[in-house]
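Derivation of every value follows stated rules applied to the coordinates shown; laboratory data play no part. It should be emphasised that the depicted structure is a prediction, and the values quoted were computed from it without experimental measurement. Please note: Cβ atoms are built from the backbone with ideal geometry, for glycine as well, and neighbour counts cover all protein chains shown.
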Amino acid sequence: MEIGQIVNTYGIKGFVKVMPFTDNINRFEDLESIYLQTKKGLETFEIEEVKYSKNMVLLKLKGIDDINIAENYRNCYLKIDRKDAVELPEDTYFIVDLLDMEVETEEGETLGKIIDVYPTGSNDIYVVKNEEGKQILLPAISQVVKTVDIQNKKMIVHLLNGLI
């Protein structure tokens with residue numbers, strides 16, 4: 001599961017600046033190690049230190065001891081094992097679980113698959129694309145999203161007037 005992306009270096013001692021993909025950036029303190037998705041594949045790194053700067057996470061990873069080494073990991077994604085994921089409140093989902101999910105109306109009409117999720121502040125927006133390439137934007141609100149079946153990758157929605 002992706003939990004962030006290295007967007008820059010920080011200082012000269014090998015810290016990397018991470019844009020977190022999580023609502024709770026303090027969760028990085030609970031991790032002992034992470035994976036970095038590099039051109040060579042997944043590389044494992046122990047976390048030595050966690051700091052914060054505004055809404056960014058600053059990580060010191062074991063073996064990355066200066067700015068030149070840290071620069072090599074810019075734009076890499078940080079991943080964790082599923083077992084290390086935080087437990088979510090009811091009716092909230094990991095984006096990775098929603099992507100490629102089949103979306104149908106309550107009447108059984110197939111709308112397409114979720115290809116992206118946009119956070120808007122008040123609620124997320126699901127981008128659903130059908131086989132013809134047409135996209136529909138669905139607000140992630142209880143009036144629209146009726147059921148979400150993570151196991152079978154299927155969502156049932158109620159289309160409010162004006163959504164399509």
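Give me a comma-separated list of calculated 3J(HN,Hα) values for segment 50-63, in order, Karplus coefficients 6.51, -1.76, 1.60 applied at θ = phi - 60°, integers in Hz, x for any Gly or Pro.
Once rounded to whole Hz, the list reads 10, 10, 9, 9, 6, 9, 10, 10, 10, 10, 9, 9, 4, x.
Can you list the residues of segment 1-43 with backbone N under 11 Å from a point 7 Å past the Cα of Tyr52, pointing along Cα to Cβ?
24-29
Taking θ as phi - 60°, what are the ³J(HN,Hα) couplings along segment 83-90 by the Karplus curve (6.51, -1.76, 1.60), each to the nearest whole Hz, with x for Gly and Pro?
Per residue, the Karplus-derived 3J(HN,Hα) values read 5, 8, 5, 6, 7, 8, x, 4 Hz.
Once each part is reduced to its C-alpha centroid, what is the distance from segment 52-105 to segment 122-159 in angstrom?
Comparing the Cα centres of segment 52-105 and segment 122-159, I get a distance of 23 Å.
For Gly4, which sequence-distant residues (separation of 5 or more, or a different chain) have an amide H within less than 5 Å of its own amide H, given hydrogens modelled in the peptide plane?
Phe21, Leu78
Suppose the chain between Asn123 and Ile156 were pulled fully straight at 0.36 nm per residue; how much longer would it get relative to their current alpha carbon spacing?
Separation in residues times 0.36 nm, less the Cα-Cα distance, equals 10.1 nm.
Using Cα positions and a limit of under 28 Å, work out the lysines in reach of Lys154, with same-chain residues fewer than 8 apart set aside.
By straight Cα distance, Lys154 reaches Lys79, Lys83, Lys113, Lys129, Lys134, Lys146.
Work out from phi, with θ = phi - 60° and the Karplus expression 6.51 cos²θ - 1.76 cosθ + 1.60, the ³J(HN,Hα) of each residue of segment 38-43, listed in order in whole Hz, and give x for Gly and Pro.
10, 4, 7, x, 7, 10
Assuming R0 = 22 Å, can you tell me the calculated FRET efficiency for the pair Ser142 and Thr105, based on Cβ-Cβ distance, to the nearest 0.05?
Details: r = 16 Å, r/R0 = 0.72.
Between Ser142 and Thr105 the formula returns 0.90.
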